[in-house]
Amino acid sequence: MIKSIPNGVYPTMITPYTTDNKIDYNAVEQLLHWYKERGVAGIFAICQSSEIFFLSFEEKLELLKFIMAHKPADLAIVASGHTADDLDTQINEAKAFIDCGIDSYVFISNRFAKADEDDDILLKNMEYVASNIPEIGLGVYECPYPYKRILTPYVLERMAETGKYQFLKDTCCDIDMIQKKLDAVKGSELKIYNANSATLLDSLKIGCAGFSGVMANFHPEIYADLCNCWKTEPEKAEKLQNFAGFFSVAECQCYPVNAKYYLSLDGIDINIDSRARNKAEFTPNRMAEIKQMYELTKDFKKLIY
């Protein structure tokens, strides 16, 4: 039976490293509990924030097995790892990830068609892979690397008709487009989770199911509260939105290095090493900005709560 996944916040889980460039499983375990304690509904594991294009298949599989073995109870796990170009390789790797016991397997939209290929090619390749893996709820992530493929309402309507899809990590950052996507999947099991902080509250009001973005590696409790309170406490929701939207400029700084530094300030035993970014880019002034953001987050929570 295909599991349903709850509404709410799904942080895009980062990958900590040791100083000798191996996955730091001590920090991974701490991070799993850090997310849970801050009210998230689940975790989007083995995604771009996890630096999957810089991990071997074996590393991705080992990491996912560890996450499943050490995750807190009642925390939904959606996972990707979908980086291969060849469709049959995608199938074999997806089977290995699904066998770990995840709640939903997430495709990356740009893996099914080249930038100059049309939506029908994407749908054909997507169906080929989806029909050759075990039955499980499926998702799609509009990952910006190596190129950003935003799913059209036409594609989403075809996906919704299959009954297989339940999760879209939307990265269009356009509330009008999100409305069209919601219209395309209306009445289906396919939920849309906005990755864009600035449009989050507006997107919840028109039917999005929650948030799945990089800023949930900084202050997920703000996003969880916003997703929970927007209907019943509109004034509070506006304040949470203003805070979350403004501070999302940190996405453009030196992510995920800056997120690892923020997490270290909040008690996680993690260093700032990354395979995707050179930590030398995280200059002292950028470090100061993140420390000031951390302190302001604490002050803001005192005012709100």
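Counting only DSSP beta bridges with both residues in the chain, the antiparallel share comes to about 5 percent. For the pair Asn21 and Ala69 in one chain, pulling the backbone fully straight at 0.36 nm per residue adds 15.0 nm over the alpha carbon distance. Among Ile150, Ile121, Ile77, the largest mean-square fluctuation in a Gaussian network model of the chain, built with springs joining Cα atoms closer than 10 Å, belongs to Ile121. By other beta-carbon atoms within 10 Å, ranking Glu58, Glu233, Glu93 with the fewest at the front produces Glu58, Glu233, Glu93. Tell me which GluC sites (Glu not before Pro) from segment 129-233 have a DSSP coil assignment and no more than 10 other beta carbons within 10 Å of their own. Sparse-neighbourhood loop GluC sites (Glu not before Pro): Glu135.
The length gained by stretching the chain between Gln253 and Asp119 to full extension, at 0.36 nm per residue less their Cα-Cα distance, is 44.9 nm. Label separation (Phe54 vs Lys186): 4.3 nm, computed from points 7 Å beyond Cα along the C-beta direction. Full extension of the segment from Ala96 to Ser4, taken as 0.36 nm per residue of separation minus the current Cα-Cα distance, would add 31.0 nm. Judged by the mean number of other Cβ atoms found within 10 Å, the most tightly packed of the peptides 68-75, 83-90, 196-203 leads the ranking 196-203, 83-90, 68-75. Using R₀ = 45 Å, calculate the FRET efficiency as 1/(1 + (r/R₀)^6) where r is the Cβ-Cβ separation of Tyr154 and Lys302; round to 0.05. In this case the efficiency is close to 0.40. Mean sequence separation of contacting Cα pairs (under 8 Å, at least six apart), scaled by the length of the chain, corresponds to a relative contact order of 19 percent. Using only alpha carbon positions, build the gyration tensor of the chain, then give the equivalent ellipsoid semi-axes as the square roots of 5 times its eigenvalues, largest first, whole angstrom. Sorted largest first and rounded, they come to 29, 24, 17 Å.
Since every read-out is calculated from the coordinates, none of them should be taken as a lab result. Since the model is a prediction, treat every value here as computed from it, not as a measurement. So basically every Cβ, Gly included, is an ideal-geometry build from the backbone, and we count neighbours across all protein chains shown.
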